[in-house]
Amino acid sequence: MKRFRLNLNLTSVIVILAVGVLVPVMLSTAAGIVAIALSKDTGGVIIGALIISFTATAAGCGLLALVFTGRKARLARQQADFIANISHELRTPLSAIKLYAQTLHSGKLADDPAQTAQCVATILRETAWLDVMIDRLLTWRATSKDMLELSMKTQPVAAAVQGAIDRFNSMVSPDELTLSVAMDSQLGVRHDAQALNAVVLNLLMNAYKYTGTQKEIGVRVRDEDHRVIIDVEDNGIGLSTADAQRIFQPFYRAARNGKEETGGIGLGLAIAWSLIEQHNGTIAVSSRPGEGSTFTINLPVTEQTP
Ligand code: ADP
């Protein structure tokens, strides 16, 4: 309700500005042109020219005001969506944790060790999703305020990638997907292992979220000339060319055409972009709707000084 009122107010401001500026501007321009056309001396031409230049200034100011108001409306909408998405994202694992904890607490599973173990495993998995989500919010805050301090070290990236795979495995149930890993990289890359771990984990979580029930995810790490390439591939819903160009922007989420909404806040890839940029690398996606996606991180190898 609050959100509706906010947008309505901003829309009316935009309409008032458009009408209030556009109509006087058109009338004054017409008056200026008529004054010039009918003038028989230089005085009339000067007055006409003054009217037109005054009108042009008013139009410019009106346009600026419109741009600022439009931006404010967009920010307000983004903020409302963000709060709704983050609440959903935190509440979903919390609800599952509560449900399984209540089941354990009720004692109904006291005589069933297998079910008890499954309950505990689910609680741990959901806690891991919550943990990653809160980490992501803190990283975003630090990144957007230029406060993120990276701890760079030159070493192969295999450990950071494997760390992400291990974390990912603790967040999903093994029978939910097929995960293939091909790790073939020895070259040294100057990187912050924790940051790279977070980026790869985000790609793995997305590959999981945006894929149907037969999930096939692949991670490949290889050396190529003076670069190290990390691919995360899935057989999921894929992306249109337009979406693929925008998903690295903060808060951007591709529309799902009425399909079931997947949790998310649209920050993971924006953080990934910023972190990889700070490693002098690039991150890109190759994808087609319905044909899966491959995200590729490309990092420069640090030359070893003899
Ligand atoms: P989130 O997943 O929290 O929304 P991200 O920044 O990680 O935020 O991703 C932005 C958007 O990019 C997602 O909302 C989704 O629309 C799209 N996306 C990301 N990864 C994939 C993928 N593997 N397959 C299809 N779409 C994806």
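The values are calculated or read from the model by the stated rules, or taken from the named source; none is laboratory data. This one's a predicted model, so the numbers in the text were calculated from it and none came from an experiment. A quick note on method: Cβ atoms are made from the backbone with ideal geometry, for glycine too, and the neighbour counts reach across all protein chains shown. For accessibility, only protein heavy atoms count, side chains too; no ligands or nucleic acids. Shrake-Rupley method; radii C 1.70, N 1.55, O 1.52, S 1.80 Å.
For the chain, with every protein chain kept in place, what is the accessible area per residue (1.4 Å probe, Å²)? Provide the component values of the computation, followed by the final result.
On the way: 18370 Å² over 306 residues.
Heavy-atom accessible area per residue stands at 60 Å².
For a quick check, take a GNM of the chain with Cα springs below 10 Å and name the residue from Leu64, Leu150, Leu137 with the largest mean-square fluctuation.
Maximum fluctuation in the GNM of the chain, among the listed residues, is at Leu64.
How far is helix 2-38 tilted off the main Cα axis of the chain, in degrees rounded to 10, range 0 to 90?
With both axes taken from Cα atoms, the answer is about 30 degrees.
Go through region 244-251 residue by residue and turn each phi into a ³J(HN,Hα) via Karplus (6.51, -1.76, 1.60, θ = phi - 60°); whole Hz please, and just put x for glycine and proline.
Result, ordered by residue: 4, 6, 10, 5, 8, 7, x, 6 Hz.
Please list, in order along region 285-298, the HN-Hα scalar couplings obtained from phi with the Karplus expression 6.51 cos²θ - 1.76 cosθ + 1.60 (θ = phi - 60°), rounded to whole Hz, x for Gly and Pro.
Result, rounded to whole Hz: 10, 10, 7, 9, x, x, 10, x, 9, 10, 9, 10, 9, 10.
Angle, helix 268-278 long axis vs. longest principal axis of the chain, Cα atoms, 0 to 90°, nearest 10?
90 degrees
So what's the back-of-envelope 222 nm ellipticity for the chain, counting only DSSP H runs of four-plus at -39500 (n - 2.57) apiece and dividing by all residues, rounded to 500?
Numbers: 7 runs with 180 residues, N = 306.
Using -39500 (n - 2.57) per qualifying helix, the result is -21000 deg cm²/dmol.
Just need the relative contact order of the chain here, percent rounded to a whole number, with Cα pairs under 8 Å and 6+ apart. Can you show the working numbers first?
On the way: 419 pairs, mean separation 42.9, N = 306.
Relative CO of the chain lands at 14 percent.
Among Gly70, Gly238, Gly60, which one shows the biggest mean-square fluctuation in a GNM of the chain, springs joining Cα atoms closer than 10 Å?
Gly60
To the nearest 20 debye, what charge dipole does the chain have about its Cα centre, counting +1 at the Cβ of each Lys and Arg and -1 at the Cβ of each Asp and Glu?
Details: 28 positive and 28 negative charges, 307 e Å.
Here the size comes out at about 1480 debye.
What residue among Ser293, Ser170, Ser106 has the largest mean-square fluctuation in a Gaussian network model of the chain, using Cα springs under 10 Å?
Taking springs between Cα atoms under 10 Å, the residue moving most is Ser106.
Counting only protein heavy atoms, what percent of the accessible surface of region 10-74 is carbon or sulfur at a 1.4 Å probe? List each step's numbers first, then the result.
On the way: 3620 of 4380 Å².
Solvent-exposed carbon and sulfur of region 10-74 make up 83 percent of the total.
Amide H neighbours of Val157 under 5 Å, at least 5 residues apart or on other chains, H built in the peptide plane: list them.
Val189
Largest first, how would Cys119, Cys61 line up by accessible area (1.4 Å probe)? If you can, show how the numbers build up before the last one.
Values: Cys119 10, Cys61 80 Å².
Order by accessible area, largest first: Cys61, Cys119.
What nm distance separates the two modelled labels at Val19 and Leu138, each placed 7 Å from Cα along Cα→Cβ?
Here the answer is 5.1 nm between the modelled labels.
Quick check: at a probe of 1.4 Å, how many percent of the accessible area of region 104-149 sits on carbon and sulfur atoms? Display every interim value, and only then the final one.
Numbers: 1750 of 3180 Å².
On region 104-149, the fraction of accessible area on carbon and sulfur atoms equals 55 percent.
With everything on Cα atoms, drop me the angle between helix 158-169 and the longest principal axis of the chain, reported from 0 to 90° to the nearest 10.
Helix 158-169 sits roughly 90 degrees off the main axis of the chain.
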